[in-house]
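Have a look at the structure below before the remarks.
The values are calculated or read from the model by the stated rules, or taken from the named source; none is laboratory data. Note that this is a predicted model, so its numbers are computed, not measured. Here the Cβ positions follow ideal geometry from the backbone for every residue, glycine too, while neighbour counts run over all protein chains shown. The protein model used for the area step is the full one, side chains on, heavy atoms only, and it has no ligands, DNA or RNA in it. Shrake-Rupley method; radii C 1.70, N 1.55, O 1.52, S 1.80 Å.
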Amino acid sequence: MRVTAVIIRILRQFFRDKRTLGLMIIAPMLILALMNVVFADQESNIEIGVVEEVQTLVQHLEDENLELILVGSEEEGLGKIAESEIDALFTQEKLVLEGSDPSVNKGILLKLQKLSQPDENKELPFEVEYAYGSESMEMFDNIGPFLIVFFVFFFVFLIAGVSFLRERTSGTLERLMATPIKRWELVMGYVAGFGIFTLIQSSIIVFFTIYILDIQMEGNILSILFVTFTVAITALTLGTLLSAFAKNELQMIQFIPLVVVPQVFFSGLFSIEAMPSWLQKVSLLMPLTYAGEAMKDIMIRGKGIEEIYSYILLLFGFSLLFILLNIRALKKYRPT
């Protein structure tokens, strides 16, 4: 009887907590649906630029997953590679691979090997160069930049959200709101305070990944630190915002499968180009989409801040939006 009473009490708690009940059902279905769409067709189209002089020589190479794009000159083709518009450039003398994704590099070489040289043991009849990266580049070098921003985003989001929630549940926030401090001053104070620790955390993660794990690094370390700190601030402001809608730490953690996990699919770990067009538009609403691309541009392509400033501005835009929403959310504690 006593065991039955405990079982009934647990079941009642679940049915009373509609958020937990909904999360247990909706979150797995949402993630599984995303995985079904993302992994339905992960072989993205490979786009190879060809100069006019060799167009007739490579027309027979085109298949359902390989598209040939005519370019006016080698210089134009290299420009398209720099803008990530094509995956490789085929000239009379050589094949220039964009190089930042080892899986794409191997896919291109295998297709060309199979279509131009039936004997796989023979070398390709042209020189192969890499615009970025190298033949020895490993998969971790490609996904490493995305992993850095994801883990920074995840842990800052979680720690900031839970910490801000404790401030509220312990009564500290109410006592602060009873003072003459303004709502925006309180929010900026929390952002700046947590920001110091996120700067330290971000720096440690970056240095560990680059100098201990020896991941490929072509750009400036200061640019990497700046982007990582920007990502941390975005996660910090989002975490403190969502904590205003949680009553306890369990409810704060429940935001992870709804807010953080879906961003994994759009951060660059998986090919966005292979997704349906409507899902690619969803990626525009994900901060990690821009953070991942910025890190890849710096670490693999060697670009500077001046070349990725659009991503930085978008991340700051997300942070500003979350700060303004957070200030508005504090109205329930004090109108002014």
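Within the range 138-175, how many residues are closer than 17 Å to ILE323 by Cβ and of a type in the set (A, V, I, L, M)?
Total satisfying the criteria: 3.
Tally time: how many residues in the range 302-336 are under 20 Å from VAL152 (Cβ atoms) and charged (D, E, K, R)?
Of the residues in the range 302-336, 1 are under 20 Å from VAL152 (Cβ atoms) and charged (D, E, K, R).
Mind checking which pairs have a first residue in the range 301-312 that is among the small types (Gly, Ala, Ser) and a second that is in a loop (DSSP other than H, G, I, E, B), Cβ under 7 Å, 6 or more apart or different chains?
So the pair list comes out as GLY302/GLU218; GLY302/GLY219; GLY304/GLY219; GLY304/ASN220.
In the set ILE200, ILE205, which member is β-branched (Val, Ile, Thr), open to solvent by 30 Å² or more (accessible area, probe 1.4 Å), in contact (Cβ under 8 Å) with a residue 24 or more places away in the chain and in a helix (DSSP H, G or I)?
Every option except ILE205 fails the conditions.
Evaluate the following for GLU185: is it of a type in the set (D, E, K, R), open to solvent by 50 Å² or more (accessible area, probe 1.4 Å), over 30 Å from PRO102 (Cβ atoms) and free of Cβ contacts under 8 Å to residues at least 40 places away in the same chain?
So GLU185 fits the description; yes.
Just to be sure I understand, how many residues within the range 68-83 are open to solvent by 40 Å² or more (accessible area, probe 1.4 Å), within 28 Å of ILE298 (Cβ to Cβ) and not in a loop (DSSP other than H, G, I, E, B)?
Residues that pass the stated criteria total 6.
Does ILE221 satisfy the criteria of being over 24 Å from LEU324 (Cα atoms) and in contact (Cβ under 8 Å) with a residue 12 or more places away in the chain?
Answer is yes for this residue.
Across the range 303-327, what is the number of residues that are surrounded by fewer than 16 Cβ atoms within 10 Å (Cβ to Cβ) and farther than 28 Å from PHE245 by Cβ?
4
Show me the strands (runs of 3 or more DSSP E) entirely contained within the range 84-180 in which 2 or more residues are modelled with pLDDT of 75 or more and farther than 17 Å from ARG301 by Cα.
In the range 84-180, the matching strands (runs of 3 or more DSSP E) lie at 94-97, 127-130.
Within the range 209-256, how many residues turn out to be open to solvent by less than 20 Å² (accessible area, probe 1.4 Å) and either among the charged types (D, E, K, R) or in contact with an Asp or Glu (Cβ under 8 Å, 6 or more places away or on another chain) (or both)?
1
Mind counting the residues in the range 161-178 that are within 17 Å of LEU250 (Cβ to Cβ) and of a type outside the set (D, E, K, R)?
So the count comes out to 7.
Within the range 84-114, take every residue that is surrounded by fewer than 16 Cβ atoms within 10 Å (Cβ to Cβ) and of a type in the set (Lys, Arg) and give me the one that is farthest from GLY49 (Cα to Cα).
So the residue we want is LYS114.
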